[in-house]
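Comments concern the structure below.
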Amino acid sequence: MKLAQTLISAIIPFAFFSMSFASHAGGVKQEAYCIDNGGTVEKMIAKYGSDMNGFSKAFCTFSKDNGFVAVGLSTFASNTPNIAATLMTQLSPIAEDSPLWEGDFFNPSMNVCKNLGGATMSENVVSGGFTNAGGANDICVFGDTSMVSAWSLIYIANGRDHYDEVKNAVRSLPIDNLYIPE
C-alpha cells in the first residue's frame, strides 16, 4: 500500500506538469502560426466600464487595407473546426439589403454578429468589450468560444482588399453542415 501511495504521489504532479506543458506548447505553436502568417499575437482584456478589467484572451491581429483584423488566436491557428473560422471561410458576401444587418444595435456589425448566432461583449455588459491600445473592439463570440471582430468578418465576406490573405490562412477546417444564413 505504501508503495502504491508513493507511486501515485510521484505520478500526479508529473501528470499535471505534462498537461500544463502540452497546453502551453499548443499555445506556442498557435502563436508561431499567427506570426508566420503575418499576424501579431496580442492579449486583449475584457474591460467593464472604465475602471474594471476582466479576463484576457489572445488574439491574432493584422493590419490590412488601413483596417484592423482581430481573430481569436485559437480560432485562427487551431486545427479544431470552430464556428468563427467556418464563417470566415464560408460566409457569402453580405448584400446591403441582407437581413443580417437588421437589429437593435446602433453598430451594424453587432447586428450581423447576433444574426449569425454570436454575442458581443457590449451585448452582455454595459459599456464593456475587449480592448487593446487602440480602444474597444467589436469582438463577436460564438457558442464554442471562437471569436472574430464582427467588422473583420463582414470585410472578409465582402472581399475587402487583402482580407482574403487572413481568410486563406485560417488553419481550421470548416464545420460540416453548419447553417450559414445568406
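Among the residues of region 159-182, those identified as assigned to a loop (DSSP other than H, G, I, E, B) and either of a type in the set (Ser, Thr, Tyr) or open to solvent by 70 Å² or more (accessible area, probe 1.4 Å) (or both) are Asp161, His162, Arg171, Ser172, Leu173, Asp176, Asn177, Tyr179, Glu182. Looking only at residues in region 117-141 that are open to solvent by 30 Å² or more (accessible area, probe 1.4 Å) and at pLDDT 85 or above, the one that is nearest to the chain's Cα centre (by Cα) is Val141. The residues in region 142-158 that are open to solvent by less than 20 Å² (accessible area, probe 1.4 Å), modelled with pLDDT of 95 or more, farther than 11 Å from Thr89 by Cα and touching an Asp or Glu at 6+ places or on another chain (Cβ under 9 Å) can be counted, and the count is 0.
Of note, Lys114 satisfies the criterion of being assigned to a helix (DSSP H, G or I), farther than 23 Å from Thr40 by Cβ, open to solvent by 50 Å² or more (accessible area, probe 1.4 Å) and at pLDDT 90 or above. Evaluate region 83-93: report whether one residue or more is open to solvent by 50 Å² or more (accessible area, probe 1.4 Å), of a type in the set (A, V, I, L, M, F, W, C) and either over 11 Å from Val148 (Cβ atoms) or in contact with a helix residue (DSSP H, G or I) (Cβ under 9 Å, 6 or more places away or on another chain) (or both). Looking through region 83-93, none of the residues is open to solvent by 50 Å² or more (accessible area, probe 1.4 Å), of a type in the set (A, V, I, L, M, F, W, C) and either over 11 Å from Val148 (Cβ atoms) or in contact with a helix residue (DSSP H, G or I) (Cβ under 9 Å, 6 or more places away or on another chain) (or both). Pairs linking a residue in region 103-119 that is at positive phi to a residue that is surrounded by 15 or more Cβ atoms within 10 Å (Cβ to Cβ) and not in a helix (DSSP H, G or I), with Cβ atoms under 9 Å and 6 or more positions apart or on different chains, are Gly117/Phe142.
The values are calculated or read from the model by the stated rules, or taken from the named source; none is laboratory data. All figures in this text were calculated on a predicted structure; none of them were measured in a lab. Quick reminder, even Gly has a Cβ in these numbers, built from the backbone with ideal geometry, and neighbours come from all protein chains shown. For accessibility, only protein heavy atoms count, side chains too; no ligands or nucleic acids. Shrake-Rupley method; radii C 1.70, N 1.55, O 1.52, S 1.80 Å.
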